[in-house]
Amino acid sequence: MLFDLHVHTAGMSNCARSPYQEMVDEYVKAGYGGVVLTNHYNFLYTVPYGGAYWASDYPKAYLDEFYRARDYGAKKGLKVFFGIEVAISLPKCKYAEFLYYGITPDEFLRYADMFEYDQKGLFEVANKCGAVLVQSHPFRIQQGHIPHDPKFMHGVEINCHAKFLRDEDKVRAFASEHNLLVTCGSDYHINFQAGCAGVDFFENPIDEKDLATKIKNGEYKIFIK
């Protein structure tokens, strides 16, 4: 079953252009079995930094977008699993992004201030929840992204956003050097990106926890169109 592990929708990610309905419809057309909705979650979306949400309201708004997409996906035959692309500020990178797989909405609410953590803190949350923490697009130097501490992540991502280099060889070499997982996603923001990348699971993931287990066990092949 094909899954895109890195998807954004306009209802929560300001840089996305496609509402959740269009996203679901496009992935159904592309023959995917599911997606992980990994909308942006970071301090820039909060009122003190010019964003739309007070910190107390932000988690609910984030989950509401997921629930809408999940329910619409169920009607259309597409699994929409919960995920997060959280950004934190680090000494060498003021906007470092990481993907969570296998965290549930209830667990997310327990750690709703995660964008204030350091990388080690994010990693500890992932381990407490039985989740997987993957660094997004670790070689996207055009936006200031660099590989971060391999001790505090489970994997790195081959990112197939159309505007940036995939750096697949660099990602695989870094993963091999540090014994990390390699995942893949399109970084979907707009319709034409649907179907360009993801992973092909050997067996269908049942839910977020099962998806995380399958990722940890390497029960998939990388798919790049």
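The values are calculated or read from the model by the stated rules, or taken from the named source; none is laboratory data. What you see is a predicted model, and the numbers here were worked out from it, not measured in a lab. Please note: Cβ atoms are built from the backbone with ideal geometry, for glycine as well, and neighbour counts cover all protein chains shown.
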* Structure fact -> Given the conditions (1) within 18 Å of SER186 (Cβ to Cβ); (2) modelled with pLDDT under 95, every one holds for ARG17 apart from (2)
* To do: Determine, yes or no, whether VAL47 is more than 20 Å from HIS6 (Cβ to Cβ), of a type in the set (Val, Ile, Thr) and modelled with pLDDT of 95 or more.
  => yes
* **region 203-218 - residue that is touching a Leu at 6+ places or on another chain (Cβ under 9 Å) and outside any helix (DSSP H, G or I) and, of those, surrounded by the most Cβ atoms within 10 Å (Cβ to Cβ)** => PRO205
* What number goes with the only condition from (1) in contact (Cβ under 8 Å) with a residue 24 or more places away in the chain; (2) of a type outside the set (D, E, K, R); (3) on the phi < 0 side of the Ramachandran plot that ALA52 does not pass? -> (1)
* Asked: Just to be sure, is ALA74 of a type in the set (Gly, Ala, Ser), surrounded by fewer than 24 Cβ atoms within 10 Å (Cβ to Cβ), modelled with pLDDT of 95 or more and assigned to a strand (DSSP E or B)?
  -> no
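Quick check on this structure: which one of GLY83, GLY31, GLY77, GLY73 is under 17 Å from the mean Cα position of the chain (by Cα) and closer than 19 Å to PHE3 by Cβ? Spell out how you get there, then give the answer.
Numbers: GLY31 fails: under 17 Å from the mean Cα position of the chain (by Cα); GLY77 fails: under 17 Å from the mean Cα position of the chain (by Cα); GLY73 fails: under 17 Å from the mean Cα position of the chain (by Cα).
So the residue among GLY83, GLY31, GLY77, GLY73 that is under 17 Å from the mean Cα position of the chain (by Cα) and closer than 19 Å to PHE3 by Cβ is GLY83.
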* Among the candidates GLU97, GLU22, residue that is within 26 Å of LYS163 (Cβ to Cβ) and not in a helix (DSSP H, G or I) -> GLU97
* Asked: How many residues does region 137-155 hold that are part of a loop (DSSP other than H, G, I, E, B) and either surrounded by 17 or more Cβ atoms within 10 Å (Cβ to Cβ) or of a type in the set (Val, Ile, Thr) (or both)?
  -> 10
